[in-house]
Amino acid sequence: MGSYWVVAYNETVGRAIISGGPPTIEVNEGYCQTESNLGLWFFFREREPSEEDIRASLEDAEALGFEVEGLTDLYNITQRGCADRD
């Protein structure tokens, strides 16, 4: 198991980007991914983030040099119907 890096965090808008380590493997001109593609996660305060929040997080990751072209699972996960916890 590797180390996780918080590469972006914004308390005001409720977003964070977590990387499975440093983006050291160049995969596209100027863009990188983690060794063995260890992961890149987007965290949102809202259970169902808006398209604007998703787009902003993708843009933030790209601005940090992460390859975001293949990130499709972000749209395939639904949080609808989850019970709220007290």
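The values are calculated or read from the model by the stated rules, or taken from the named source; none is laboratory data. Just so it is clear, the structure is predicted and the values come from calculations on it, not from any experiment. We place every Cβ from the backbone using ideal geometry, glycine too, and count neighbours over all the protein chains shown.
Contact list please: Cβ distance under 6 Å, first residue in segment 1-29 and on the phi > 0 side of the Ramachandran plot, second residue in a strand (DSSP E or B) and modelled with pLDDT under 75, pairs at least six apart or on different chains. Close Cβ pairs (under 6 Å, with a partner that is in a strand (DSSP E or B) and modelled with pLDDT under 75) amount to GLY21/THR34.
With at pLDDT below 80 and under 14 Å from the mean Cα position of the chain (by Cα) as the only criterion, which of LEU58, LEU40, LEU71 stands out? Step through it out loud before you land on a result.
On the way: LEU58 fails: at pLDDT below 80; LEU40 fails: at pLDDT below 80.
Result: LEU71 is the single residue among LEU58, LEU40, LEU71 that is at pLDDT below 80 and under 14 Å from the mean Cα position of the chain (by Cα).
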